[in-house]
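**Student:** Below is one structure. I have some questions about it.
The values are calculated or read from the model by the stated rules, or taken from the named source; none is laboratory data. Nothing here was measured: the structure is a model prediction, and the numbers come from that model. When we count neighbours, we look across all protein chains shown, and the Cβ atoms used for this are built from the backbone with ideal geometry, even at glycine.
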Amino acid sequence: MGLTPRVEIDLAKIKQNAKILKDLYGKKGIQMTAVVKGVAADIKIAETILESGITSLADSKISNLEKLKKANLKATMILLRTPAPSEIEKVVQYADISMNTEIGVIRALSNEAIRQNKKHKIIIMVEMGDLREGIMLKDAPDFIRETLACPGIEIVGIGTNFACFGGVVPTEQKMNEFSEFAKAMEQKFSLHLSYVSGGNSANYNWLMKTKNPGAVNHIRIGESIWLGRETATGKLIPQLHPDAFRFIAEVIESNIKPSVPFGSVEKNAFGESVSFENRGNVRRAIINAGRQDILVSGLTPMEPFELLGSSSDHMIIDSKHIHLQPGDEISFFLNYGALISAMTSPYVYKMYKNEKQRSRTYPCLTYMYRQEKSS
Ligand SMILES: *Cc1c(COP(=O)(O)O)cnc(C)c1O
């Protein structure tokens, strides 16, 4: 028991997930960086990741890398998002490597690096079709030539990203194309690319199938570590824990009430028109967390309860045949959106479990697997 609402963080499960993934990718010659933006670059979690043998951490926010550096974590810090011009000074100070797509930004990084007596390392991101960050392949040679003329910059990698904006899948063909392109640039400009960085948690199926990852030697993984899923189709990865994080809130009212609102009905607190199926009287329980605390739409109850809806500070569930009482705790699985909101919410307590306090595996996990199969 503890205060609610809280997120319970099982560090032992996170460590196992990280290690299994690191070994899977390692077997194919691919080094793995842990992407910690999904857990708000939490220090205890980052330390756990480093205990698994992973040596680099990445985030899209420079403020998170600053926090990790100031906590004295010994890891290579990678900035995933191309730097905003206003954050150049901090990027050179706190990121060992940043990902880039704008020559003006690279020149500014170069000048700042010289001022700070450093060389700033960069990975150049190229566009393979997903249409978020990246320069077009045809523009890359000129771009690299101009970057090589920046005295404060060292090119350590070429990277690409999939399945983030456009939902484009890293197929064998796409990955080969990317690999061949990286090889060609390496030869043309005599580069030494320590990071041919092929993607994220959406690359899992490619990895399992491919016989030859080619020049790809690096991958950036977040969601698979935290939630045990690949993200191209959203399936669970065998042997990984899907419940390293659990959201727990508490019943504050439980009563038998009608399933349909009565009175004249207009919009709810969020301006939405809602309608409800009439199933007579049901056991309605009110839970002490709502949309102000967490992304409610990203929660799935671990027991076969039905989440009927939410307002800013309450969730309403139909507890079916179970009679809940105030003080009963309700556990939920989180999707990535819910995880982000739980970890960044000031209203959600964070509770850590280590090897000894390891959380019991819920019998209702079987319920989740069943749901997954039927969906
Ligand atoms: C967020 C992000 C990742 C990690 O994605 P996951 O799906 O959590 O593995 C990798 N690369 C970039 C550029 C990102 O922004």
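**Student:** Looking only at residues that are touching a helix residue (DSSP H, G or I) at 6+ places or on another chain (Cβ under 7 Å) and under 18 Å from Met315 (Cβ atoms) in region 237-266, which one is nearest to the ligand (Cβ to nearest atom)?
**Tutor:** Phe245
**Student:** Right, something else. Say whether the condition of being closer than 22 Å to Ile153 by Cβ, in contact with a Pro (Cβ under 9 Å, 6 or more places away or on another chain) and within 16 Å of the ligand (Cβ to nearest atom) is met by at least one residue in region 82-92.
**Tutor:** yes
**Student:** How about region 1-12: which of its residues are in a helix (DSSP H, G or I) and under 27 Å from Ser63 (Cβ atoms)?
**Tutor:** Leu11, the sole residue that qualifies.
**Student:** Checking the structure you have, find out if any residue of region 132-154 is outside any helix (DSSP H, G or I), within 16 Å of the ligand (Cβ to nearest atom) and free of Cβ contacts under 8 Å to residues at least 24 places away in the same chain.
**Tutor:** no
**Student:** Go through region 155-164 and give me each residue that's within 16 Å of the ligand (Cβ to nearest atom) and either part of a helix (DSSP H, G or I) or aliphatic (A, V, I, L, M) (or both).
**Tutor:** Val156, Ile158, Ala163
**Student:** Looking only at region 211-236, how many residues end up being farther than 15 Å from Gln31 by Cβ, away from the ligand (no atom under 11 Å from the Cβ) and crowded, with 20+ Cβ neighbours inside 10 Å?
**Tutor:** Counting residues in region 211-236 that are farther than 15 Å from Gln31 by Cβ, away from the ligand (no atom under 11 Å from the Cβ) and crowded, with 20+ Cβ neighbours inside 10 Å gives 1.
**Student:** Have a look at Ile78, Ile45 and point out the one that is assigned by TED's automatic domain parsing to the domain that holds Val216, crowded, with 21+ Cβ neighbours inside 10 Å, within 21 Å of Phe333 (Cα to Cα) and of a type outside the set (Phe, Trp, Tyr).
**Tutor:** After ruling out the rest, the residue left standing is Ile45.
**Student:** Next question. Residue check: is Thr147 farther than 15 Å from Ser197 by Cβ and either at pLDDT below 95 or buried (at least 16 other Cβ atoms within 10 Å of the Cβ) (or both)?
**Tutor:** Here the answer is yes, as Thr147 does meet what is asked.
**Student:** Anything in region 230-268 that is among the small types (Gly, Ala, Ser) and in a loop (DSSP other than H, G, I, E, B)? List them, or say none.
**Tutor:** Ala232, Gly234, Ala244, Ser259, Gly263, Ser264
**Student:** A further question follows. When region 1-50 is examined, which residues are found to be more than 16 Å from the ligand (Cβ to nearest atom) and of a type in the set (D, E, K, R)?
**Tutor:** Correct list: Arg6, Glu8, Asp10, Lys13, Lys15, Lys19, Asp23, Lys27, Lys28, Lys44, Glu47.
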